[in-house]
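The values are calculated or read from the model by the stated rules, or taken from the named source; none is laboratory data. Predicted model only: the values in this text are computed from it and were never measured. Note: ideal-geometry Cβ built from the backbone for every residue, glycine included; neighbour counts use all protein chains shown.
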Amino acid sequence: MPCFDDTSKAGGPSATSGRASELILVVEDDVALQKLIDKCLAKIGHRTVGAVDGASALECLERCVPRLMLLDYSLPDMRGEQLLELIESRGGHVPFVVATGHGSESVAVEMMKRGAYDYLIKGPAFIQMLPTVVDRALERVRQAERLAQAEEQLHRAHDELEHRVRQRTAELAEANQRLRVEMEERRRAEDQLHQHQAELAHVARLSTMGEMVAELAHELNQPLSAICSYAQACKRLLESDGEDRFDELPASLNQVSEQANRAAGIIRRLRRFVAKAKPMQTSVDVNAMIREVAELTSIDARQAKAEVAFHLTEPLPPIVGDRIQLEQVLVNLMRNAFEALRECERDSPRVVIHTETVGRGQIVVGVEDNGAGIPAEIVEHVFDRFFTTKPDGMGMGLPISQSIIENHSGRLWVSQDPGRGTTFHFTLPIDTGDHSRAE
């Protein structure tokens, strides 16, 4: 039996619901039920085209492109899954909602695994539930289309950027080649200039290295100065004639060793933080991790002239997770807090990190600042990808942090008191010993 079009019943959005009119393919062998479905969908502003079996459904798909298909699982000539396979074999794809008879919920669940947007059981509430299920499925279709469009735009932008990079790289390579040829031709006549250029290049390399280690200079200066002082003390003790000089020497040498270990610890923390390693689930002492990250971001705290306070619950049960990833979240939140304090004037800028256990086996970590707070109109967008208020920001710090916390079965959110500061909270599950750890 050929498919039939019922588009005349609803030509636009419903006056009462405000729904957008969509074309829906209804594949149903019960003609009476088909008519009820058509009337129901027409009332909410949708157009329908009907088919009573798989063959007529395929014919309909050759003539029109429905936004959604309401698919009866049991058709006279084939099962619903067979119709889907035939559609896919012809290079087509139609989002669908499956309808099954009484006692067929297991079939509906199986069809959900095959990509169904929802399912309905043909029971007393079938027609009553139909508008809600259809509109919910259509909204998911629209969301998927918007996501696909966004991804396509991102891919196009990425391709354009790569093209520009390749083009610019080729231009630079060509210019560099011309420069090398010119320099080679003039080398013998311009040895002195060449030497001068080499010296300038050397200074530039040293300057670049200085920029890279500038932030470490202050942290390393204190232990290195202490090492020098204690080394001088050891030298004086060795040169003296005092009888107790050998009694005092071990203490000074111990201080040299402690300060050297302190300097090595600073470098070790930085190396570990920037290390590129595979994710590893281990038991983590959250309070110890917080103190270590505070050391890592102490330079930012000094630049913001901010006091860092700890309100940590002791003892705190360990959690299981990837320490490097969790440190990245803390660094992001703490640096954001320090930056917020630098952007406002406070007599006593302050960042407070607190921990506590709540609910059923969870730890809550909070990073609180007493800055100006986040404007109300943008607070709901702070976790959106690529959203940023910084001129040179990428807008990925908080989305990445949120993803890390969610991957650890936790939640990251923000609360604030306008004009008095902002607090970022995140939860982590306590280690119960049941989690698997990557070796």
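Here are some notes:
- Residues of segment 69-80 include none that is under 27 Å from Lys43 (Cα atoms), in contact with a helix residue (DSSP H, G or I) (Cβ under 6 Å, 6 or more places away or on another chain) and polar (S, T, N, Q).
- Val352 being of a type outside the set (Asp, Glu) and touching a residue at least 60 places away in the same chain (Cβ under 8 Å): no
- When the residues of segment 102-126 are filtered to those that are surrounded by fewer than 15 Cβ atoms within 10 Å (Cβ to Cβ) and not in a loop (DSSP other than H, G, I, E, B), the one that is modelled with the lowest pLDDT is Glu105.
- Of residues in segment 266-308 being among the small types (Gly, Ala, Ser) and under 20 Å from Pro429 (Cα atoms), the one modelled with the highest pLDDT: Ala288
- Among (1) of a type in the set (A, V, I, L, M, F, W, C); (2) farther than 17 Å from Leu23 by Cα; (3) in contact with a Phe, Trp or Tyr (Cβ under 6 Å, 6 or more places away or on another chain); (4) modelled with pLDDT of 90 or more - the single one Leu147 does not satisfy: (3)
- Looking across Val134, Val98, one residue alone is part of a helix (DSSP H, G or I), closer than 20 Å to Leu25 by Cβ and either among the β-branched types (Val, Ile, Thr) or without any contact (Cβ under 8 Å) to a residue 60 or more places away in the chain (or both). It is Val134.
- Residues of segment 274-333 classified as closer than 22 Å to Asn370 by Cβ and among the basic types (Lys, Arg), total: 3
- Flag for Cys60 being touching a Leu at 6+ places or on another chain (Cβ under 8 Å) and closer than 10 Å to Val27 by Cβ: yes
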